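Presented below is the structure to which this report refers.
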Amino acid sequence: MRPRALAVLLPAHDEEKRLPRALEAIRAAALHPALRRVRTITVVGADSCADGTVGAAARAGALVVEVEDRNVGVARSAAAQRALEILDGPAGVWFASTDADSVVPAEWLAFQYARAGEGWEAVVGTVTVTHWPRRRACLAARHQLLYTASRPARGPWHHPHVHGANLGVAAEAYGAVGGFPPLPVGEDHGLVAALGAGGHRVLRTAECPVGTSGRLRPRAPGGFGDRLAALALETGPP
């Protein structure tokens, strides 16, 4: 059954510069013709922000929940909880998770909505680095080689990656496994692992990738950005 409502979850720590573009892309995705009759909200989990993140989110029309934990798992979970309060519970609700330094494509929400209608309880997507640091062609090439190493020459790619920047889950399945664990890194991996262990239908797909930042000084230590930074050290200076 197709969801009655979509809730976009987006954690942010001092992201006033990047957040408006992320929210603009989400707003465009919510206007997809396939979602004309579907309620869509966006909730920003503003975590320990000392800049204008909260104001930027509010000006863009997003809802905001503030936490002071410096913990992306807590921030994402708080956003989910606020969404459920607004939408009167989990029945028929679909969570679509992304990040403040990412830009979703215009069909992103419609794609997840369609997969939910097919009976999938979670959609685990891929990302594409859209802006590399200057003079980092070797880093970009090395990353692409490693990232797509398991991709078959033909057929769908049931990839091994998990990104909070491109993740969807039915709210009822989310609640059944305890939601995002309160981890400072890897909360997305924890949720997907719990969904798999719980026997929920999880689709890993490379369709509809989300564009994300190639910054080498990320907000979440130990996450995707840190892996890019480590790869940059391996490939040497530009």
Does GLU85 satisfy the criteria of being of a type in the set (Asp, Glu), open to solvent by 50 Å² or more (accessible area, probe 1.4 Å) and in contact with a helix residue (DSSP H, G or I) (Cβ under 7 Å, 6 or more places away or on another chain)? no
For region 77-109, how many residues are aliphatic (A, V, I, L, M) and within 15 Å of the chain's Cα centre (by Cα)? 9
With the first residue restricted to region 33-50 and required to be touching a residue at least 60 places away in the same chain (Cβ under 8 Å) and within 18 Å of LEU19 (Cβ to Cβ), and the second required to be hydrophobic (A, V, I, L, M, F, W, C) and in a strand (DSSP E or B), Cβ contacts under 6 Å at 6 or more apart or on different chains are THR40/LEU6
Pick out the one residue from ALA28, ALA80, ALA34 that is aliphatic (A, V, I, L, M), open to solvent by less than 20 Å² (accessible area, probe 1.4 Å) and not in a loop (DSSP other than H, G, I, E, B). ALA80
Answer yes if at least one residue in region 57-76 is open to solvent by less than 40 Å² (accessible area, probe 1.4 Å) and in contact with a His (Cβ under 9 Å, 6 or more places away or on another chain), and no otherwise. yes
Scan region 91-103 residue by residue and report those that are assigned to a loop (DSSP other than H, G, I, E, B) and open to solvent by 10 Å² or more (accessible area, probe 1.4 Å). ALA91, GLY92, ASP99, ASP101
Which of (1) open to solvent by less than 10 Å² (accessible area, probe 1.4 Å); (2) over 22 Å from GLY179 (Cα atoms); (3) in contact with a strand residue (DSSP E or B) (Cβ under 7 Å, 6 or more places away or on another chain) does VAL129 not meet, given it meets every other one? (1)
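The values are calculated or read from the model by the stated rules, or taken from the named source; none is laboratory data. Computed from a predicted structure; not experimentally measured. As a convention, Cβ positions derive from the backbone with ideal geometry for all residues, glycine included, and neighbour counts pool all protein chains shown. What goes into the accessible areas is simple: the full protein's heavy atoms, side chains included, and nothing from ligands, DNA or RNA. Shrake-Rupley method; radii C 1.70, N 1.55, O 1.52, S 1.80 Å.
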